[in-house]
């Protein structure tokens, strides 16, 4: 097997140069893709952080206010002899 490390034939040298140029273009394009993905990731994270709106529902409810809100529903259930469960949730949808 004869491998030329430094080609003496101009055609072989041209092929090696073309291959090296192609490999360099591929390396640049893959670096470009990596940079583009990083840029998009950071941009989308920043946009998402800025897009969070203030809470339109107001402050969260506490246990005392939850009991006050449930009392009329429970009184109506007792008056009509209904079996009922009442659940009060806060703005994050957690049961109080």
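As a footprinting exposure proxy, order 40, 74 by other Cβ within 10 Å, with the fewest listed first.
Taking fewest neighbouring Cβ atoms as first place, the list is 40, 74.
Within a 10 angstrom radius of the beta carbon, how do 29, 60 rank from fewest other beta carbons to most?
29, 60
What are the extents of the Cα atoms of segment 57-96 along their three principal axes, in Å, largest first?
If we take the Cα atoms of segment 57-96, the spans are 33, 15, 15 Å.
Every read-out reported here was derived from the displayed coordinates using simple, explicitly stated rules and does not represent laboratory data. What you see is a predicted model; the values in this text were computed from it and never measured. In this analysis, Cβ positions are derived from the backbone assuming ideal geometry, glycine residues included, and neighbour counts consider all displayed protein chains.
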